[in-house]
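The values are calculated or read from the model by the stated rules, or taken from the named source; none is laboratory data. No experiment lies behind these values; they were computed from the predicted model shown. Heads up, the Cβs are rebuilt from the backbone with ideal geometry, glycines too, and the neighbour counts pull from every protein chain shown. These accessible areas exclude ligands, DNA and RNA; they are computed on the full protein's heavy atoms, side chains included. Shrake-Rupley method; radii C 1.70, N 1.55, O 1.52, S 1.80 Å.
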Amino acid sequence: QVQLVESGGGLVQAGGSLSLSCVASGRTFSSYVMGWFRQAPGKEREFVAAISWRGGSTDYADSVKGRFTISRDNAKNTVYLQMNSLKPEDTAVYYCAAKNTGPLRYEYDYWGQGTQVTVSS
């Protein structure tokens, strides 16, 4: 129904910046809630950020608030995650997610394959 492809991951030094993107295809993108999650080695997947249909509402994990910014461009079927002031603890595989409706932090239905972000100290 929905396919998601992430890109933009890579290696960056602590304090640096990185921008991730996620391109969606299939069901109408503009009607979906979009989120970013991450999973570090040996840890469970955790919520990072989410954005509502039109971008009027956003939510962030406390660990990234003030450093990361989520945005979307529905005309391009794309959601972004701008990551600034990166820390080694931000190192993880970052996943793009989508769902039709519901709370921003929970119960996503569609997932991308992930993109690796590595922050060196």
log10 of Debye I(q)/I(0), alpha-carbon scatterers only, for the chain at 0.10, 0.11, 0.21 Å⁻¹: -0.26, -0.31, -1.16
Carbon/sulfur accessible area of the chain, % of total, 1.4 Å probe, equals 46 percent
Check the straight Cα-Cα distances from LYS87 and name the lysines below 25 Å, setting aside those fewer than 8 residues away within the same chain. LYS43, LYS65
What the 5 Å binned alpha carbon P(r) of the stretch 57-121 shows, as percent of pairs per bin from 0, is 4, 14, 22, 28, 20, 9, 3, 0
The stretch 23-68: C-alpha gyration tensor shape, a/c 1.5 cut-off, then a/b vs b/c: oblate
Looking at TRP36, THR69, GLY15, which one has the Cα that reaches farthest to the positive end of the dipole of the chain (charges on Cβ: Lys, Arg +1; Asp, Glu -1)? THR69
Per-residue accessible area, 1.4 Å probe, largest first, puts TYR110, TYR94 in the order TYR110, TYR94
Relative contact order (percent, whole number), the chain, Cα cutoff 8 Å, 6+ residue spacing: 36 percent
How much accessible surface area, in Å² rounded to 10, belongs to the heavy atoms of SER31 with a 1.4 Å probe? 30 Å²
Quick check for me: using +1 on Lys/Arg Cβ and -1 on Asp/Glu Cβ, what's the dipole size of the chain about its Cα centre, in debye to the nearest 20? 200 debye
If you count only protein heavy atoms with a 1.4 Å probe, what accessible area per residue comes out for the chain, rounded to a whole Å²? 52 Å²
With charges set only on the Cβ (+1 for Lys and Arg, -1 for Asp and Glu), what does the dipole of the stretch 40-102 come to about its Cα centre, in debye to the nearest 20? 200 debye
